[in-house]
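Single-structure report; data block below.
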Amino acid sequence: MLPYVSLQEAQTAIGRPLTTAETLWFNYTANMSDYIIYCHNIPIMFLLDTLVPVFYLVMEHMFPTYVAPYKVQPKIKYSLNDHFKCYLLVARGYLLVVPSLLVSYPTVKMIGIRTSLPLPSSTEIILQLIVYFVIEDYTNYWFHRLFHVKWLYENVHKVHHEYTAPIGFATQHAHWVETLVFGIPSILGPALVPGHMVTFLLWLALRQTEAIENHSGYDFPWTFRKYIPFTAGADYHDYHHYVGGQSQSNFAPVFTYCDYIYGTDKGYRYRKRLLQNKQLKDGSNGGLSCASTSDIKSE
Ligand SMILES: [Zn+2]
Ligand SMILES: [Zn+2]
């Protein structure tokens, strides 16, 4: 809860007039406990897990001709019923996710996520988000590799790999142990570089949206990620699912440098090269989807 009873008092304490964003934040959170502010992450996550996959679904059914060239595994078709079943499956997982988010508040408080004024500047938010993405990506890479050790894969991670051609709704489809463990990389950045609750909620929302895009099954050319060098994306992560249980490739969720440095993208790059050569030979200029490489494999 904010330690000021009026806008005037807040302005006096800060020593300058509040910005529009700060005035909105004051009006919205003045009488709200920090715990309730933190709990906003639950409806935000739920809305993203629902609406972002619905966006891809709408695109697929309303503009099939437009989206077809960008489908990573064009031979795989899911019905609306399949999508709905997956959504219900993941919704069941919320029975675990919601309580764990509710009880994780002391951790968020302990690491120093603040809710007070002033709000962080846009530069501070952007720099912190970059740090969070880098830390999350690196840590997630190693946790993910660990989950591909035979016993952990068979008993935990296999659930997430049930979809060899992922869809947006399947982003959160995972064993409960995996859901909890992958929460660690997400909280590590904010723990090392604590910021404002606004940045924290924004970070969780962006990370979730990026994860859904990775599992969307579509590699659209206009996504924001395409403007950031060395980023992974739908085609990259789709290959990880496509190879399946034996997959020792493309572990990183956000950037590609870890897989490159540790040599875990060799299979993916090899298939890309094969496909490029095949396209040069055929004179075609289709997409470089990992699924298209299955054609090469069968030749
Ligand atoms: Zn995996
Ligand atoms: Zn995945």
- Hits in the stretch 182-225 (condition: in a helix (DSSP H, G or I) and among the small types (G, A, S)): G183, S186, G189, A191, A205, A211
- Message: Looking for something of a type in the set (A, V, I, L, M), within 14 Å of ligand 1 (Cβ to nearest atom) and modelled with pLDDT of 95 or more - is there at least one such residue anywhere in the stretch 135-143?
- Response: no
- Note on the structure: Over the stretch 105-137, the set of residues acidic (D, E) and surrounded by fewer than 19 Cβ atoms within 10 Å (Cβ to Cβ) is E124
- Message: Regarding the stretch 205-213, can at least one residue be identified that is on the phi < 0 side of the Ramachandran plot, within 13 Å of ligand 2 (Cβ to nearest atom), in contact (Cβ under 8 Å) with a residue 40 or more places away in the chain and in contact with a Gly (Cβ under 6 Å, 6 or more places away or on another chain)?
- Response: yes
- Message: Within the stretch 215-224, take every residue that is away from ligand 2 (no atom under 16 Å from the Cβ) and of a type outside the set (F, W, Y) and give me the one that is farthest from the chain's Cα centre (by Cα).
- Response: P221
- Query: S216 is checked against (1) among the polar types (S, T, N, Q); (2) touching a residue at least 60 places away in the same chain (Cβ under 8 Å); (3) surrounded by fewer than 23 Cβ atoms within 10 Å (Cβ to Cβ) and fails just one. What number does that condition carry?
  - Reply: (3)
- Message: Can you report the number of residues in the stretch 234-248 which are within 15 Å of ligand 2 (Cβ to nearest atom) and surrounded by fewer than 22 Cβ atoms within 10 Å (Cβ to Cβ)?
- Response: 5
- Task: Residue by residue through the stretch 8-23, note down the ones that are in contact with a helix residue (DSSP H, G or I) (Cβ under 7 Å, 6 or more places away or on another chain) and touching a residue at least 12 places away in the same chain (Cβ under 8 Å).
- Result: A10, L18, T23
- Query: So which of V156, V198 ends up being modelled with pLDDT of 95 or more, of a type in the set (V, I, T), more than 22 Å from Y260 (Cβ to Cβ) and within 13 Å of ligand 1 (Cβ to nearest atom)?
  - Reply: V156
- Message: Given the criteria within 13 Å of ligand 2 (Cβ to nearest atom), free of Cβ contacts under 8 Å to residues at least 24 places away in the same chain and over 14 Å from G245 (Cα atoms), does H175 qualify?
- Response: yes
- Message: Of everything in the stretch 164-177, what is within 11 Å of ligand 1 (Cβ to nearest atom) and either in a helix (DSSP H, G or I) or more than 28 Å from P229 (Cα to Cα) (or both)? Give them in sequence order.
- Response: A174
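The values are calculated or read from the model by the stated rules, or taken from the named source; none is laboratory data. Keep in mind that this is a model prediction, so the values were computed, not measured. Virtual Cβ from ideal backbone geometry, glycine too; neighbours counted across all protein chains shown.
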